[in-house]
Every structure is written in structure tokens, then in C-alpha cells.
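Derivation of every value follows stated rules applied to the coordinates shown; laboratory data play no part. If you're wondering where the values come from, they're calculated on a predicted model, not measured in any experiment. With ideal geometry, Cβ positions are generated from the backbone for all residues, glycine too; neighbour counts draw on all protein chains shown.
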Amino acid sequence: MFLSLGTVILGAKTLPRPFGYAALFIGVAFAIMGVVALYGQFQYLVDYLAMGQGLWWLLAAIVLLLRQRGEQNSAHGNQSA
């Protein structure tokens, strides 16, 4: 999911480009760690990566909220001028 999400983010202007690159990195890391975890005791690494994914979602939500607030403030400022 993160591979396609990263690709979409890189092609859109919804989130800054670093979020797209981070999503691609997380997607590739999950794919690699999924295979590695099948053959070894590396589930803890997958768990840490999942925590990083949660942090990515949180930061993306904060950025979207801040951008929305900025757009609303600029729209209100343009109406009063």
C-alpha cells in the first residue's frame, strides 16, 4: 500500500515530496522485512517499522491540518481586502 501511496504523493501536491519518498521507503522496507521475518527471528524489526508507519500517518495528518488552516486563513484575509 505504501508503495502506491508514495507514488501518488510524489505526483500530487497534497503533501510535501519528502512524505512521498518516506512512503516509498516504508513500503520497500515492509516488503523486505516481510520476507526476512519469514526466515528468522526479526519480528521486532517489523514492529519498529510499524511504529515508524504510525508516526508517518500522524505527521501527514498534522501537515494536512496545518495546510488546511493556512488556506482558510488566506481565504478569509482575501475576502476582507
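For region 67-76, the count of residues that are surrounded by fewer than 10 Cβ atoms within 10 Å (Cβ to Cβ), among the small types (Gly, Ala, Ser), on the phi < 0 side of the Ramachandran plot and not in a helix (DSSP H, G or I) is zero.
Filtering region 1-28 to residues that are without any contact (Cβ under 8 Å) to a residue 40 or more places away in the chain and buried (at least 19 other Cβ atoms within 10 Å of the Cβ) leaves Gly6, Ile9, Gly20, Ala22, Ala23, Ile26.
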